[in-house]
1. Once R0 is set to 22 Å, what does the formula 1/(1 + (r/R0)^6) return for the Cβ-Cβ distance between residue 10 and residue 115, expressed as a FRET efficiency to the nearest 0.05?
2. Helix-only mean residue ellipticity at 222 nm, the chain, DSSP H runs n ≥ 4 weighted -39,500 (n - 2.57), per residue, nearest 500. What is it?
3. May I ask you to give the percent of accessible area on the chain that is carbon plus sulfur, with a probe radius of 1.4 Å?
4. What FRET efficiency comes out for the pair residue 66/residue 145, r = Cβ-Cβ distance, R0 = 35 Å, nearest 0.05?
5. How long is the gain from residue 75 to residue 96 if the chain were fully straight, where each residue apart is worth 0.36 nm and the alpha carbon distance is subtracted?
6. Where Rh is the Kirkwood radius over the Cα pairs of the chain, the temperature 37 °C and the viscosity 0.692 mPa s, what D in µm²/s does Stokes-Einstein return?
7. Just to confirm, what accessible area per residue do you get for region 1-77 at 1.4 Å probe, in whole Å²?
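The values are calculated or read from the model by the stated rules, or taken from the named source; none is laboratory data. Since this is a predicted model, take the numbers as computed values, not measurements. Glycine gets a Cβ as well: all are built from the backbone with ideal geometry, and neighbour counts include every protein chain shown. Ligands, DNA and RNA are excluded from the accessible area calculation, which covers all protein heavy atoms including side chains. Shrake-Rupley method; radii C 1.70, N 1.55, O 1.52, S 1.80 Å.
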Amino acid sequence: FRLEWLEVAWRMVKAKPILGFGLNTFSLQEAPFTGQNAEQLYEKFGDALPVVHNIYLLVWAEQGTLGLLLFAGLLVNLFAMAIGNLRYRLSQRALMINLGALCGLVAICMDGMASYYLRTPAPARVFWIVAALVVAIWYWNRINAPLRGPRRYQGDS
């Protein structure tokens, strides 16, 4: 079933590659691309029509190539910040929180290959909390680096 919906998502991407079908409209727009009509889908799945279990294809189908590039840019920027935070040794606590957040980002991005985590409230909250931790530590490091100098651990205060 998941492979079938990957094909549906790909057909949707090919139909509107630049801007996509619109945010949160995958289940509303999928019927013509499934080979079934809307009534058959509702009969088969009820009111909760399925979406593709791949966040990257879901974003691509709904928001087009432009949306996918912006989403990828967000992820790349978060990874760059988290990896950049590793060079600072201003606070062991901040370093360990950042390392955990970086590992969390890796896990979330891998999970995105088989889920639509940003559309489910609990995993979406986890993603945004991890992203907020990375950004907060990035700003904290930049504010405090001139005071203590990079690469020097002086204990947590």
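1. The pair residue 10/residue 115 has a calculated efficiency of 0.80.
2. Roughly -23000 deg cm²/dmol at 222 nm, from the helical runs in the chain.
3. Taking all protein chains in place, the chain shows 66 percent carbon and sulfur surface.
4. 0.50
5. Full extension of this stretch gives 5.5 nm more.
6. On the way: Rh = 17.6 Å.
Roughly 187 µm²/s, to the nearest whole number.
7. Details: 4400 Å² over 77 residues.
Per-residue accessible area for region 1-77 comes out at 57 Å².
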